[in-house]
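Written below as structure tokens is the structure these notes are about.
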Amino acid sequence: MPVSHLECISFIFPQMTMYTLRLMRPDDLPEILAIQLEVYSDELQETPEVIAQRLAQVPDLSLVAEDQQGVCGYLFSYRSKRGNITPLDGLFVEPAQSDCLYLHDLAVAPRALKRGIGPSLVKHKLRIARQAGLQHCSLVSVQESVGFWQRMGFQAQTTINKQQAQALDSYGVPAVYMQCAL
């Protein structure tokens with residue numbers, strides 16, 4: 001079963017700050033690029049062309065969080081094989097037989113931090129992956145985000161092969177390959 005179903009989900013917090021999760025659209029790309037500039041170091045900036053191509057490749061797996069001011073977070077993911085690592089600026093390669101959901105890029109605008117947006121995006125994707133029969137989820141953690149991912153159930157993978165090490169090196173910053181079972 002493909003990983004594609006998304007119902008519009010709204011979240012309201014005590015401060016009456018609401019946001020909605022929905023599928024990403026091409027007209028969201030300028031806001032996504034602006035968030036990327038705000039949250040990632042220069043080494044981690046991916047080109048607008050690669051980001052647009054990813055959305056075109058997997059429109060059913062690209063989510064945004066939106067509030068009254070616009071897009072305030074996003075998550076790119078795709079179907080993959082456990083152990084495959086996407087290099088920085090690499091295109092998504094979906095195998096014929098997937099066993100893993102790969103979370104490539106999660107970012108939340110600084111103006112929207114502390115509202116649970118990141119965990120909501122991740123939990124929604126993990127639930128859909130389970131429903132689709134995928135067995136694993138993996139990602140690359142950068143910018144000291146290992147603790148966040150551990151709280152989400154991921155574990156750092158300490159044994160990696162040469163190809164995985166090369167993909168991690170492409171990030172130009174400390175990068176940790178992490179996985180969780182679904």
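A short reminder: the numbers here are calculations on the coordinates, not readings from a lab. As the structure is a prediction and not an experimental result, all values here were calculated from the model. Cβ: placed from backbone, ideal geometry, glycine included. Neighbour counts: every protein chain shown.
Shown here for the stretch 109-151: trypsin sites (Lys or Arg not before Pro) in loop regions (DSSP other than H, G, I, E, B) with at most 13 other Cβ atoms within 10 Å, namely 114.
Applying 1/(1 + (r/R0)^6) with r as the Cβ-Cβ distance of residue 69 and residue 89 and R0 = 30 angstrom yields a FRET efficiency of 0.55. Can you tally the net charge around residue 174? Count Lys and Arg as +1, Asp and Glu as -1, for every other residue whose Cβ sits under 11 Å from the Cβ of residue 174. Neighbour charge sum, excluding residue 174 itself: -3. In this rough spin-label picture, where each label sits 7 Å from Cα along the Cβ direction, the residue 144-residue 181 distance is 3.2 nm.
In debye, nearest 20, what is the charge dipole magnitude of the stretch 107-165 about its Cα centre with +1 on Lys and Arg Cβ and -1 on Asp and Glu Cβ, if you could check? Working shown, then result.
On the way: 9 positive and 1 negative charges, 56 e Å.
Result for the stretch 107-165 is approximately 260 debye, rounded to the nearest 20.
Here the Karplus relation 6.51 cos²θ - 1.76 cosθ + 1.60, evaluated at θ = phi - 60°, turns the backbone of the stretch 38-47 into coupling constants of 6, 9, 10, 5, 3, 5, 9, 6, 9, 6 Hz, with x for every Gly and Pro. With R₀ fixed at 30 Å, the C-beta to C-beta distance from residue 34 to residue 57 puts the FRET efficiency at about 0.85. Computed across the chain, the Kirkwood hydrodynamic radius from all distinct Cα-Cα pairs reaches 16.5 Å. Summarising the strand pairing of the chain, around 90 percent of its internal DSSP beta bridges are antiparallel.
Taking Cα pairs under 8 Å and at least six residues apart, what relative contact order does the chain come out at, in percent?
The normalised contact order for the chain reaches 21 percent.
Between 33, 106, 63, the Gaussian network model of the chain with springs among Cα atoms under 10 angstrom shows the greatest mean-square fluctuation at 33. Annotation: amide H of residue 171 within the under-5 Å range of 88, sequence separation 5 or more or interchain, hydrogens built in the peptide plane. Exposure proxy for 137, 180: other Cβ atoms within 10 Å of each Cβ, ordered fewest to most, give 180, 137. Sort the stretch 24-78 into rounded, prolate or oblate with this rule: let a ≥ b ≥ c be the square roots of the eigenvalues of the Cα gyration tensor; rounded if a/c is under 1.5, and if a/c is not under 1.5, prolate when a/b is larger than b/c, oblate otherwise. Note, shape of the stretch 24-78 comes out oblate.
Taking 23 Å as the straight-line reach from the Cα of residue 123, the lysines in range (excluding those fewer than 8 positions away in the same chain) are 81, 114. Remark: the stretch 82-98, residue by residue, has Karplus-estimated 3J(HN,Hα) of 3, x, 7, 10, 7, x, 4, 6, x, 7, 6, 10, 8, x, 4, 10, 8 Hz, where x stands for each Gly or Pro and the curve is 6.51 cos²θ - 1.76 cosθ + 1.60 at θ = phi - 60°.
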